[in-house]
Amino acid sequence: MGGILTKGDDSPLTSVPTTKLEVKILEKMRKRESKGTSMKSFNTILLKFPKIDVGLRKCKAIFEQFDEDKSGSIDPKELNHCFRKLEIDCTDEEINDLFEECDINKDMGIAYKEFIVLLCLVYLLKKDSVSTHSSSQMEIPDLEATFETLVDSFVFLDKNKDGYVSRSEMVHAINESTSGEGSSGRIAMKRFEEMDWDKNGMVNFKEFLFAFTKWVGIDDEEEATEE
C-alpha cells in the first residue's frame, strides 16, 4: 500500500509510489506540507478525536445514500453516481483510479471505511485546484473541516516533509507528548504498526487514513452493525 522501497548508494531508504494516483497524492501532500501545520503536539491530535469521529460518521449517511442496492458496499457505477450528485469534478479515469486505490480487498466494492478514505483523498487532491469548473472542490463543509484536520495531523507527523511518516518520526512525535513515560515507545510502535500495512517502514497518507478510522472507533461501529 505504501509503495516500493529503494535505496541508492548514498541515500537513505525511501518509499516510491507504484501508481499514477499515488504520485499525485504524494505531490499534493508535499505541497501541503510546505505550508506547515497548526498541530503543536500529538496530544493536540488526540484532543481532536471526538470532533473527527463526529465528522467521519457523517459520511455514513452519504455512503448509505449511494449504496443504491443496499449491498454494504459501493460499486463503480454507484461511485460514479455519487461523484456526479455531489458535484465533485473528476474525470471517469480519476474516479476509476480512486476506486482501485481504495478497494483494498479487491472485491469490486468500496466499504464504509474505504469510502471515508476515498473522500478524504478527493479532498486532498481537489483542494485549491485550478479548474474552469465551479465544482472543482467538494461542497460538503462539515466533512471538509474534518478532512483538513486529518491532513494537518499527517503534516505534523511527517517532520522531514517528504510525504511519508517513518517509524522514527512517529516515535519522536509521541515521545514529545509523553515525556518521562516508559510506555510511550511501545505506544508509538503500536500506532506505527497499525498504519504500516505493507511493513515497509514508511506510511503514506492513505495508510494513515485507514489507521485513523480505526483509532476513532469506525471499526467498532462496523462490527456492531454486522452483529
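A few remarks follow.
- Cut-off under 5 Å, modelled amide H: who pairs with Ile74 long-range: Ile110, Ala111
- The accessible area of Thr19, taken with all protein chains in place and a 1.4 Å probe, comes to roughly 50 Å².
- Which listed pairs, of Lys60/Lys159; Lys31/Lys77; Lys24/Lys159, have C-alpha distances above 27 Å, in listed order: Lys60/Lys159; Lys31/Lys77
- For Arg84 and Lys60, the difference between the fully extended length at 0.36 nm per residue and the C-alpha to C-alpha distance is 6.8 nm.
- Cα gyration tensor shape for segment 32-72, rounded if a/c is under 1.5, else prolate or oblate: prolate
- Pairwise label distance in nanometres, Lys24 with Ser38, each label 7 Å out on the Cα-Cβ vector: 2.7
- When the listed pairs Lys58/Lys206; Lys106/Lys161; Lys28/Lys85; Lys20/Lys190 are checked against a 27 Å cut-off, the alpha-carbon distance exceeds it for Lys106/Lys161; Lys20/Lys190.
- Length added when fully stretched, Asn105-Lys159, from 0.36 nm per residue minus Cα-Cα: 16.4 nm
- In order along segment 25-30, phi translates into HN-Hα couplings of 4, 4, 4, 5, 5, 5 Hz, rounded to whole numbers, per the Karplus curve 6.51 cos²θ - 1.76 cosθ + 1.60 with θ = phi - 60° and x for Gly and Pro.
The values are calculated or read from the model by the stated rules, or taken from the named source; none is laboratory data. Bear in mind that the values here come from a model prediction, so they are computed numbers and not experimental data. Using ideal geometry, Cβ is built from the backbone for each residue, glycine included, and neighbour counts are taken over all protein chains shown. Note: accessible area is taken over every heavy atom of the protein model, side chains too, but ligands, DNA and RNA are not part of it. Shrake-Rupley method; radii C 1.70, N 1.55, O 1.52, S 1.80 Å.
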